[in-house]
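To start, the structure itself, in structure tokens.
The values are calculated or read from the model by the stated rules, or taken from the named source; none is laboratory data. Bear in mind the structure is a predicted one, so any value in this text is a computation, not a measurement. In this analysis, Cβ positions are derived from the backbone assuming ideal geometry, glycine residues included, and neighbour counts consider all displayed protein chains. Please note that ligands, DNA and RNA were not included when accessible areas were found on the heavy atoms of the full protein model with its side chains. Shrake-Rupley method; radii C 1.70, N 1.55, O 1.52, S 1.80 Å.
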Amino acid sequence: LPVGPLHRVTGSRVQTTRGQYGDCTLTSALQRKLQLDNLVVSSVIGLYNMEGNGHAKDKNLLRIGSRDSELAMKQTYMVRDALQKANPHLKFDIVSMKTKGDKILNMALSKIGSKSLFTKELEVALEEGVVDIVVHSLKDLPTILPEGMVIGAVSEREDPRDAVIMHPKYAECTLASLPKGSVIGTSSLRRSAQLKRRYPNLRFESVRGNLNTRLRKLDSADDYAALILAAAGVVRMGWKDRISQYLGDDLCMYAVGQGALAVECREGDSDTLDLLAHIADPNTTIAAVAERGFMRTLEGGCSAPVTEDSVSLKGGVWSLDGSEELLDTMSTSSQNPDASPESTQPPEKVAKTSINFCGIVILSEHKDFMTQAHQLGVSLAQRLLDKGADRILKAAKAQNVINVPPVTSSTSAISLEEKEAEAVNGS
């Protein structure tokens, strides 16, 4: 088999842009998957030698799925290197592809109205056995995963804050010192809602594309005075020196899971779950459990600093124009667990190997702390709901769909996951 783009499979002969190649044995699942135009196999050694269950016969080979952007690949290499360090005997293949969110670039994310914008294609590959694990930015993953999928590991968190990247002519400025009416580019309603409240003299407009594209749009024209990006992605791309300002949670609370990487796998794949347990970061995992519990209940934004024995969770809800804001903070200590049955039960779904918290598998030695963290997120969300957060969220969602073209569908029913994804895009 050649190394490079694989466009389609005809019978047992693979056709590529470089012509036809020799016979190979492929499972029907792999044949179906290779028909997707966006699939790129960066290394296919071992993929042709498959068992009927979709698992590679070579037990020392782990196939990793990733989006094909430069940042996504860098993040995937980070996970691969961590796994390699913990398991020197393993070999790795990386299978990269474009997702729906990568393809639709002429519309704000919040207007697309689809679930799993940056994850669905990868999860299909995982379900069909084309890959064994998938690397995601945790903030891209809905809190309800497809049946049979779990987050096997959450990596140590990079700086979770948002960062300001200034146009070169404003390199010495901060948001507060920019000229009145300056345009700030961001793909996130969460950011624009908070920053409109703090900086009413600035304009906030959508900007799409991967980080390279967005930075090029900033530098090559005068359309934007600055961009707001996740600091973690900027740092991983090696552009830390472009950051003019970091936004603390008094200015802009970061997204749920921001700065952390999630490794998704099949929930029944106990061997892979055992491998992933070695690269999971306990503090980041506990913070993610609290944040995702909050998101699942409220569909808002929050931050969860974790110390050795406590979690402090700050959450908020905003109207789209920033005129309304609800904030609150709660904390919990692992020294005083609440052992009541209602608070200690994680959100359970049918699983072959694990109970999980909004998709995150339990780290056995931290089970009690994770249970408390989840309950903390739920409790903080409920407190904000009691203060009227549901009214603000409903108004924001209704306002966000104004002037959006209707989508033709064979059914009028909207799944819980789709509703949540729409809310994530708008939070």
task: Report, ordered by the first and then the second residue, all pairs with beta carbons closer than 6 Å, sequence separation of six or more or different chains, a first member in the stretch 362-374 that is closer than 8 Å to Ile286 by Cα, and a second member that is among the acidic types (Asp, Glu).
output: none
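How many residues does the stretch 318-329 contain that are open to solvent by 40 Å² or more (accessible area, probe 1.4 Å) and not charged (D, E, K, R)? Walk me through how you get there before you give the answer.
We begin by selecting, within the stretch 318-329, every residue open to solvent by 40 Å² or more (accessible area, probe 1.4 Å); these are 321, 323-325, 327, 329.
Then keep just the ones that are not charged (D, E, K, R); that gives 323, 327, 329.
Qualifying residue count for the region: 3.
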message: The conditions are (1) at pLDDT 95 or above; (2) over 20 Å from Pro142 (Cα atoms); (3) surrounded by 24 or more Cβ atoms within 10 Å (Cβ to Cβ), and Ala288 fails exactly one of them. Which is it?
response: (2)
task: Looking at (1) modelled with pLDDT under 95; (2) of a type outside the set (Val, Ile, Thr); (3) touching a strand residue (DSSP E or B) at 6+ places or on another chain (Cβ under 9 Å), find the lone condition where Glu308 falls short.
output: (3)
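Anything in the stretch 126-137 that is under 11 Å from Glu264 (Cβ atoms) and open to solvent by less than 20 Å² (accessible area, probe 1.4 Å)? List them, or say none.
To start, the set of residues in the stretch 126-137 that are under 11 Å from Glu264 (Cβ atoms) comprises 126-127, 131-136.
Scanning the stretch 126-137 gives Leu126, Val131, Asp132, Ile133, Val134, Val135, His136.
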- request: Scan the stretch 138-181 residue by residue and report those that are at pLDDT 95 or above, under 29 Å from Val361 (Cβ atoms) and open to solvent by 20 Å² or more (accessible area, probe 1.4 Å).
  value: Ser155, Glu156, Arg157, Glu158, Asp159, Pro160, Arg161
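Give the stretch 204-219 a look and list any residue that's of a type outside the set (Val, Ile, Thr) and assigned to a loop (DSSP other than H, G, I, E, B), or say none. Before you say what the answer is, go through the steps one by one.
Taking the stretch 204-219 and keeping what is of a type outside the set (Val, Ile, Thr), we get 204-206, 208-212, 214-219.
Those that are of a type outside the set (Val, Ile, Thr) and assigned to a loop (DSSP other than H, G, I, E, B): Ser206, Arg208, Gly209, Asn210.
Within the stretch 246-265, track down each residue that is crowded, with 20+ Cβ neighbours inside 10 Å and more than 21 Å from Lys74 (Cβ to Cβ). Full working, then the answer.
Step one: filter the stretch 246-265 for residues crowded, with 20+ Cβ neighbours inside 10 Å, giving 247, 252-265.
Hits for the stretch 246-265 are Leu247, Cys252, Met253, Val256.
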task: Collect the residues in the stretch 220-237 that are assigned to a loop (DSSP other than H, G, I, E, B) and out of contact with any helix residue (DSSP H, G or I) (no Cβ under 9 Å at 6 or more places or on another chain), keeping them in residue-number order.
output: Ala221
message: I'd like the full set of residues that are in a helix (DSSP H, G or I) and either at pLDDT 95 or above or surrounded by fewer than 20 Cβ atoms within 10 Å (Cβ to Cβ) (or both), limited to the stretch 112-123.
response: Ile112, Lys120
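This table checks each residue for (1) closer than 21 Å to Lys139 by Cα; (2) of a type outside the set (Ser, Thr, Tyr).
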residue: Met166; (1), (2): no, yes
residue: Tyr170; (1), (2): no, no
residue: Thr174; (1), (2): no, no
residue: Leu178; (1), (2): no, yes
residue: Val183; (1), (2): no, yes
residue: Ser188; (1), (2): yes, no
residue: Ala193; (1), (2): yes, yes
residue: Lys196; (1), (2): no, yes
query: Within the bounds of the stretch 153-175, is there any residue that is over 20 Å from Val263 (Cβ atoms) and of a type in the set (Gly, Ala, Ser)?
result: yes
- request: Identify, by number, the condition in (1) buried (at least 23 other Cβ atoms within 10 Å of the Cβ); (2) at pLDDT 95 or above; (3) in a loop (DSSP other than H, G, I, E, B) that Asn201 doesn't meet.
  value: (1)
message: Six or more apart or on different chains, Cβ atoms under 7 Å: show the pairs whose first residue is in the stretch 253-268 and aromatic (Phe, Trp, Tyr) and in a loop (DSSP other than H, G, I, E, B) and whose second is open to solvent by 10 Å² or more (accessible area, probe 1.4 Å) and modelled with pLDDT of 95 or more.
response: Tyr254/Pro160; Tyr254/Arg161
task: Return yes or no: is Asp241 surrounded by fewer than 20 Cβ atoms within 10 Å (Cβ to Cβ) and either small (Gly, Ala, Ser) or farther than 26 Å from Arg80 by Cβ (or both)?
output: yes
